[in-house]
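Here is the structure we will look at.
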Amino acid sequence: MTALETLKGNTEALITEEELAQRLANGRPLRVKLGVDPTRPDLTLGHLVVFNKLRQFQDLGHEAILIIGDFTTLIGDPSGRSSTRPELSRSEIQANADTYMQQACKILDESRMQIRFNSEWFDNLTFEDALKLARQMTVARMLERDDFSKRHREHTPISIIEFLYPLVQGYDSLVLEADVEIGGNDQFFNILVGRTVLRNAGLPEQVALTVPLLVGLDGVKKMSKSEDNYIAFNDSPKEMFGKIMSISDEAMWDYHRLLLETAPSRIEELKALHPMEVKKQLACALTTRLHSATEAECELAQFEQVFTRRQAPEEMPSYAWNTLAGGEPCARLLDLLDRSGLFSSRKEIRRLIEQGAVRLENERMSDPHGSVSKPESSLVLQAGKRKFLRIEG
């Protein structure tokens with residue numbers, strides 16, 4: 001397989017294939033740009049799709065430039081959004097950015113990568129410079145973006161600063177003199193603006209390469225931190241394995257194709273197997289990649305014990321009765337679960353109980369106000385499919 005054929009794999013758009021082929025033929029290492037905005041502390045498996053593509057360029061001898069968009073995060077990427085993104089402080093952005101570099105190196109080759117913060121150049125830009133940049137784009141051109149045009153039709157506010165975002169992203173490409181910019185398909189318009197900015201500066205236009213968006217855990221919307229339907233690089237092995245096992249059978253094939261880069265011929269072979277077995281292989285492979293093979297094997301064994309043999313896992317959080325119940329002989333089920341600290345809110349616990357998703361010693365509990373007596377030795381509580389805790393008497 002040629003370098004061009006490799007790089008075309010799993011692409012959604014490539015503008016233009018001829019330009020990329022010509023630059024590859026020149027023999028010099030290309031400067032390949034990818035930007036990520038640290039809006040929250042976690043990178044997700046959605047990022048893994050573009051990181052895989054950047055790693056392909058690295059493996060072919062090209063220079064990867066990962067931009068941590070600490071300045072662009074102040075604006076907020078409007079791509080795919082129906083409302084303006086909440087504003088973050090610089091300290092919040094920096095705290096998130098600090099985690100991105102370590103996470104990115106789980107996939108990318110650190111020895112062949114530049115990591116740049118775009119505040120390096122934007123903090124020194126004058127207002128006059130910003131006006132000159134804004135002059136390069138018209139309102140009509142901005143409204144060609146699907147999300148902007150939709151919000152405009154629906155009379156949903158669009159701030160001027162959101163209009164500036166694609167230009168700011170394009171300016172990154174100008175500073176770096178990027179040969180290629182890669183991103184998810186929702187970044188296509190922004191990357192094309194980068195071509196315009198480079199052309200207006202008298203430089204060769206960057207090649208625009210986008211990859212498909214990965215569907216999130218809900219099976220409907222793209223995986224997104226904003227939608228809270230994501231699997232994070234920093235999820236524990238247990239969380240990661242369990243979340244992957246929860247995706248739909250339909251989504252599983254996209255995860256194989258986009259995250260593991262499984263060949264179409266191999267996917268056809270896997271379709272002859274039981275979907276549960278294929279999903280276990282997927283969960284093991286991804287947990288291995290972001291953690292270790294040992295941890296993946298451990299989670300597979302725990303999963304099979306719980307879901308195949310219907311047994312509680314051997315390892316689970318353990319609490320003393322007095323810690324959760326304050327020394328009382330009885331306590332409300334909701335209070336016990338809440339004091340464990342394993343749940344985001346009492347509302348989540350109440351919902352799980354009312355849905356019949358909580359079991360006490362394998363007996364289904366449906367009353368949030370139901371009481372639990374202090375055990376003589378210990379008892380096991382299960383909430384949902386993956387959370388277990390042991391309470392010692």
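The values are calculated or read from the model by the stated rules, or taken from the named source; none is laboratory data. Note that the structure is a prediction, hence the values are computed from the model and not measured. Cβ atoms come from the backbone with ideal geometry, glycine included; neighbour counts cover every protein chain shown. All accessible areas refer to the heavy atoms of the entire protein, side chains included, with ligands and DNA or RNA removed. Shrake-Rupley method; radii C 1.70, N 1.55, O 1.52, S 1.80 Å.
Quick look at the values:
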{"item": "Dipole axis of the chain (+1 Lys, Arg; -1 Asp, Glu on Cβ), positive-most option in SER119, GLY326, PHE148", "result": "GLY326"}
{"item": "Antiparallel DSSP beta bridges within the chain, percent to nearest 5", "result": "50 percent"}
{"item": "Separation of the LEU342 and SER377 label points, Cα + 7 Å toward Cβ, nm", "result": "2.0 nm"}
{"item": "Percent accessible area from carbon and sulfur atoms, the stretch 1-158, protein chains only, probe 1.4 Å", "result": "51 percent"}
{"item": "Cα centroid of the stretch 155-210 to Cα centroid of the stretch 82-139, whole Å", "result": "13 Å"}
{"item": "Euclidean distance between Cα centres, the stretch 367-387 to the stretch 315-355, Å", "result": "8 Å"}
{"item": "Inter-part distance where the stretch 1-59 and the stretch 213-254 are each reduced to a Cα centre, Å", "result": "22 Å"}
{"item": "Burial ranking of peptide ranges 90-102, 364-376 (average Cβ count within 10 Å, highest at the top)", "result": "90-102, 364-376"}
{"item": "Per-peptide average of other Cβ atoms within 10 Å, ordering 218-230, 378-390 highest first", "result": "378-390, 218-230"}
{"item": "Per-peptide average of other Cβ atoms within 10 Å, ordering 133-140, 258-265, 210-217 highest first", "result": "210-217, 258-265, 133-140"}
{"item": "Accessible area of GLU12 in the full protein assembly, 1.4 Å probe (Å², nearest 10)", "result": "100 Å²"}
{"item": "Whole-Hz ³J(HN,Hα) from phi, Karplus 6.51 cos²θ - 1.76 cosθ + 1.60, for the stretch 248-259, glycine and proline x", "result": "6, 4, 5, 5, 3, 6, 5, 5, 4, 5, 8, 9"}
{"item": "Fraction of the pair-distance distribution of the stretch 291-393 above 21 Å, Cα-Cα pairs, percent", "result": "35 percent"}
